[in-house]
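Quick notes on the structure that follows.
The values are calculated or read from the model by the stated rules, or taken from the named source; none is laboratory data. Since the structure is predicted, the reported quantities are computational estimates derived from the model, not experimental observations. Methodologically, a virtual Cβ is constructed for each residue, glycine included, from the backbone with ideal geometry; neighbour enumeration extends over all protein chains shown. The area values use the complete protein model at the heavy-atom level, side chains included, leaving out ligands, DNA and RNA. Shrake-Rupley method; radii C 1.70, N 1.55, O 1.52, S 1.80 Å.
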Amino acid sequence: MQQKIAFALIISIVTTGIISFTLISVNIGFQEKFIITWLRFWLMGYTVVTPAILFIGPKVQLFVNYLFKESSLEQSD
């Protein structure tokens, strides 16, 4: 369980950082308050995405396991 929490925390830092940086730089450009704006939106995204990964991630993993289980059964026939 600790590994899943650590994974969620790290992956949400990386993904929200990349996405918020990209979207803000495209939409407002590199203005005077770019860093402050980016960090503010990064923090907002992080607080939304981290719980989503923790709660939705296991459901997605079950679905992926199901899909690959089905495809491996079809290949063995």
Selected residue (criterion: most open to solvent (accessible area, probe 1.4 Å)) from residues of the stretch 1-29 that are of a type in the set (Gly, Ala, Ser) and part of a helix (DSSP H, G or I): Ala6
Verdict on Thr37 being within 17 Å of the chain's Cα centre (by Cα) and modelled with pLDDT of 90 or more: no
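This table checks each residue for (1) among the β-branched types (Val, Ile, Thr); (2) modelled with pLDDT of 90 or more.
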residue	(1), (2)
Thr15	yes, yes
Leu23	no, yes
Gly29	no, no
Leu54	no, no
Lys59	no, yes
Val64	yes, yes
Residues of the stretch 30-68 classified as surrounded by 10 or more Cβ atoms within 10 Å (Cβ to Cβ) and in a loop (DSSP other than H, G, I, E, B), total: 1
